[in-house]
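A short worksheet on the structure shown next.
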Amino acid sequence: MAITQLSAFLENTAGTLYDAVSAITDAGVNIRALSVADTKDFGILRIIVSDIEKTKEALDDNTIISETSVIAVKMNDQAGALKNILKILKEDNVNIEYTYAFTGSMQGGAYVVLRVDDIDEGEAVLSRNGIITLSDEDMTGFLA
Amino acid sequence: MKRYYQPEIETASREEILKIQNEKIVKQVKYVYDNVPYYRNLMDQKGVSPDDIRSVDDIKKLPFLTKDDLREAYPYGLLGTDLKNCVRIHSTSGTTGKRVVAFYTQHDIDIWEDCCARAIVAAGGDDEDVCQVCYGYGLFTGGSGLHGGSHKVGCLTLPMSSGNTDRQIQFMMDMQATILCCTPSYAAFIGETLAEKGYKPEDNKLKAGIFGAEPWTEEMRAEIEKSLGIKAYDIYGLTETSGPGVAFECEAQKGMHINEDHFYAEVIDPDTGEVLPEGSKGELVFTSLDKEGFPLLRYRTKDICILSREKCSCGRTHVKMTKPLGRSDDMMIIRGVNVFPSQIETVLLKEGYTPNYQIVVDRKNNTDTFDIYVEFPKEMFSDKISEMQNREQDLKAAMRSMLGIGPKIHLVAPKTIQRSEGKAVRVIDKRKLHD
C-alpha cells in the first residue's frame, strides 16, 4: 500500500521554505516527514502530512504542487533495520530514486520513505519478504 | 607607412564623392529594378521608376527594406543575379525566421575586402604586419571579411578563427602578431588571460586592434588599450550590407568613416521614415551603390546613430557615423550574437513553457552574462531532481540551438516574474553600453 507524498517546487531564495511551512502549519496540518532536494536555483520540498487536501488549499495558488506515491515502511528503530530493507530491494533490482527517514510517535518505531521507479513492483517485493508498508489511512491514524 | 589603402577615393573631395555616388546610384537602382522582382514590386507600389532616380538626392523616394522583407524574400527573393554568378554565401546566426542569407559575386567580395583593407590600413597596417584574425570563420562575416582585407593589405595573416585562447596567445607570441581582429569582449579576455599568464602589455608585439560585431564603450576601449598595449579601433558592418568594413575608425578614434563610394548612408526618423538632417540622431539606413549578388536599397539597420561631415584630422573625407547609440527595435547583441526576445519566446512555447520570462544581460569581467528566468509550468513539474535538471538542460540546449549562444536558465515559480501594469519587463540590460 502506497502513501501520498506532496512535492512542491520552491525557489532557492531566503524564506520560501518558511513561507510554505508556515502556511501549512497555520492550516492546522502536521508535517510528519520532510525532505528538501535542492539545486542552485530551486528546491523540491517533499512532505508527508496529516491532511493532504488542507495542505494543498493552504499553499498559495502559484505554488506548483503534485502528489507522488511513495512507499513508507515501518521498522524497528535499531541497527540493521534499514540495511535489511535496502538489501531486499537491491536483490530484486528495485531502483530507489530518493529516500528519507523519520521516527514515529510509537515507541521504538522508525519509518523510511522510499521513492522507487516502479511502486507496485517495490511493494510486491517488500511484501513478499514480510515487510509491512503503510497506507494513507495508517498515516492519518497515527498522526491523529 | 601607407596612410590610406585607396588614397584617391578615401580623401576625394565632397564633389568627387557625390559624382561617383550619383553615377553609381542610377545604375544600381536600374540593376535592382531589372533583376529583383521583390523590390521592383515595392517600387511599383510606391509609384517610383528607375527614371526618377537621377542622383543620391532621389534616394529618399525609394521604398525601405526591413528585416521583415528579408525574411519574406528568404532565401532568393532579393538575389540580384543568377546563382551561377555568385561565389559565396554568408549568414547571420539567428533563427530560421530571422536568419539573413547574403550572396556575393567575386566583385562583391572584392569591394568588401577593399573596405576591410581600408580599415586595416587606417589602424596602421601594411605588408610588414602580422594580422591575427580571431573573428569566427564560416557563415559569420567577421572572419572572412578581415581575412580578405588582411590579404589585400599584404599582411601575414593568421586565420585563427574564434576560441581556444591558449592557442591564440601562443600564436600571438610566437608569430609576433601586430594587429588583432576580434570582438572587443574577446580582446579584453585575451588581455586578462595574458596578465594571468604573467605577461606584461609590452611583452607582446601588438600595436593595433580592430574590434567590432558588438557594442562597446570608451571605458572598454581604454581598458583594452591598456591591457594589450595597443590602439583599439572600432569597425562596423552587417551581413545585409556585406559584413564588417562598411564603416571603420581612423587614427582620430572619433567616429567611423562610412565607405561612401560603396554605401550611401541616411539617418531617418524611425517612426515616420523621414530623412533627418546631418547631425540628427536617428536610424541608420544603407543603400548599396555597386553590389551584384545582394544589392539592398534603403535597408533599415535599426541601429541608432548620428552622421557627421565634420573635417577629420586623418584626411579622410568620407562621412562619419557614431558608434550605434541604441536600437530602434528590441534586438540585443550578446557576446557578438544578435538575439531577439521573440526568439526566446518561440523556444519557450515550443518546449512547453509559458511565455513568461525575463532576460538579464550584464557584463562581468568584460564578458557578457546572459540569464533567462523562466516561470516553470505546473505540468512539467517532477518530484525527481534529476528530471527537473534534465528539463533545465533541454531548455538550455534548445536555446543554444536557436540563438547560437547558451544562456543560463533559471527556473522560477509561476507568476513570480515582475509585471508592471500587467506587462512583464522582458529585458533587463545592465551593461550600460549607451549613454
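The values are calculated or read from the model by the stated rules, or taken from the named source; none is laboratory data. Remember, predicted model here, so these are calculated numbers, not experimental data. Every residue, glycine among them, receives a Cβ derived from its backbone with ideal geometry; neighbour counts consider all protein chains shown. Accessible surface is based on the protein model in full, side chains and every heavy atom, while ligands, DNA and RNA are left aside. Shrake-Rupley method; radii C 1.70, N 1.55, O 1.52, S 1.80 Å.
Answer yes or no as to whether A:PHE102 is hydrophobic (A, V, I, L, M, F, W, C) and more than 11 Å from chain B (Cβ to nearest Cβ). It is true that A:PHE102 is hydrophobic (A, V, I, L, M, F, W, C) and more than 11 Å from chain B (Cβ to nearest Cβ). Within region B:1-30, the only residue that satisfies the criterion of being open to solvent by 60 Å² or more (accessible area, probe 1.4 Å), at pLDDT 95 or above and touching an Asp or Glu at 6+ places or on another chain (Cβ under 8 Å) is B:LYS27. Could you count how many residues in region B:397-435 are surrounded by 15 or more Cβ atoms within 10 Å (Cβ to Cβ), more than 12 Å from chain A (Cβ to nearest Cβ) and at pLDDT 90 or above? Result for region B:397-435: 3. Just to check your reading of the model, which residue among A:GLU91, A:GLU97, A:GLU121, A:GLU57 is more than 14 Å from every other protein chain (Cβ to nearest Cβ) and closer than 19 Å to B:ASP383 by Cβ? Matching residue, one of A:GLU91, A:GLU97, A:GLU121, A:GLU57: A:GLU121.
Filter region B:113-151 down to residues that are of a type outside the set (A, V, I, L, M, F, W, C), outside any helix (DSSP H, G or I) and either open to solvent by 20 Å² or more (accessible area, probe 1.4 Å) or closer than 13 Å to B:ILE235 by Cβ (or both), then give me how many there are.
So the answer is 7.
Any chance region A:4-24 includes a residue that's more than 20 Å from B:ALA413 (Cα to Cα), open to solvent by 50 Å² or more (accessible area, probe 1.4 Å) and either away from chain B (no Cβ under 14 Å) or in a strand (DSSP E or B) (or both)? No, there is no match, as no residue in region A:4-24 is more than 20 Å from B:ALA413 (Cα to Cα), open to solvent by 50 Å² or more (accessible area, probe 1.4 Å) and either away from chain B (no Cβ under 14 Å) or in a strand (DSSP E or B) (or both).
What number of residues in region B:214-235 are open to solvent by 20 Å² or more (accessible area, probe 1.4 Å) and in contact (Cβ under 8 Å) with a residue 40 or more places away in the chain? Steps first, please.
Of the residues in region B:214-235, the ones open to solvent by 20 Å² or more (accessible area, probe 1.4 Å) are B:215, B:217-219, B:222-223, B:225-227, B:229, B:231.
Subset that is in contact (Cβ under 8 Å) with a residue 40 or more places away in the chain: B:215, B:217, B:223, B:231.
Total satisfying the criteria: 4.
Being of a type in the set (Phe, Trp, Tyr) and more than 20 Å from B:ILE385 (Cβ to Cβ) is not true of A:TYR100. Residues satisfying the criterion are present in region B:359-366 (criterion: away from chain A (no Cβ under 14 Å), surrounded by fewer than 16 Cβ atoms within 10 Å (Cβ to Cβ) and modelled with pLDDT under 90).
Residues that are surrounded by 16 or more Cβ atoms within 10 Å (Cβ to Cβ), more than 9 Å from every other protein chain (Cβ to nearest Cβ) and of a type in the set (Asp, Glu) within region A:35-54 comprise just one, A:ASP51. Looking only at residues in region B:367-382 that are over 12 Å from B:ILE405 (Cβ atoms) and of a type in the set (Phe, Trp, Tyr), the one that is farthest from the other protein chains (Cβ to nearest Cβ) is B:TYR373.
Of the residues making up region A:1-37, those that are among the hydrophobic types (A, V, I, L, M, F, W, C) and more than 26 Å from B:TYR373 (Cβ to Cβ) are A:MET1, A:ALA2, A:ILE3, A:ILE24, A:ALA27, A:VAL29, A:ILE31, A:ALA33, A:LEU34. The numbered conditions (1) of a type in the set (Val, Ile, Thr); (2) within 30 Å of B:LEU403 (Cβ to Cβ); (3) free of Cβ contacts under 8 Å to residues at least 24 places away in the same chain are all true for B:THR66 except (3).
Are there any helices (runs of 4 or more DSSP H) wholly within region B:1-112 with 3 or more residues that are under 30 Å from B:MET332 (Cβ atoms) and assigned by TED's automatic domain parsing to the domain that holds B:GLU260, and if so which? In region B:1-112, the matching helices (runs of 4 or more DSSP H) lie at B:37-46, B:67-73.
Identify all residues within region B:314-358 that are open to solvent by 20 Å² or more (accessible area, probe 1.4 Å) and more than 30 Å from B:ILE224 (Cα to Cα); write none if there are none. Passing the criteria: B:SER342, B:GLU345, B:THR346, B:LEU349, B:LYS350, B:GLU351, B:GLY352, B:THR354, B:PRO355, B:ASN356, B:GLN358.
Which residue out of A:ALA101, A:ALA110, A:ALA124, A:ALA72 is over 28 Å from B:ILE409 (Cβ atoms), open to solvent by 30 Å² or more (accessible area, probe 1.4 Å) and under 16 Å from the mean Cα position of the chain (by Cα)?
A:ALA101
Candidates are the residues of region B:387-396 that are more than 8 Å from every other protein chain (Cβ to nearest Cβ) and farther than 24 Å from B:VAL339 by Cβ; the one that is least open to solvent (accessible area, probe 1.4 Å) is B:GLU387. Is it the case that region B:44-52 has a residue that's in contact with a helix residue (DSSP H, G or I) (Cβ under 7 Å, 6 or more places away or on another chain) and in contact (Cβ under 8 Å) with a residue 40 or more places away in the chain? Taking every residue of region B:44-52 in turn, none turns out to be in contact with a helix residue (DSSP H, G or I) (Cβ under 7 Å, 6 or more places away or on another chain) and in contact (Cβ under 8 Å) with a residue 40 or more places away in the chain. Across region B:195-213, which residue is nearest to B:LEU238 (Cα to Cα) among those that are open to solvent by less than 30 Å² (accessible area, probe 1.4 Å) and at pLDDT 95 or above? So, considering only residues that are open to solvent by less than 30 Å² (accessible area, probe 1.4 Å) and at pLDDT 95 or above, the one nearest to B:LEU238 (Cα to Cα) is B:PHE211.
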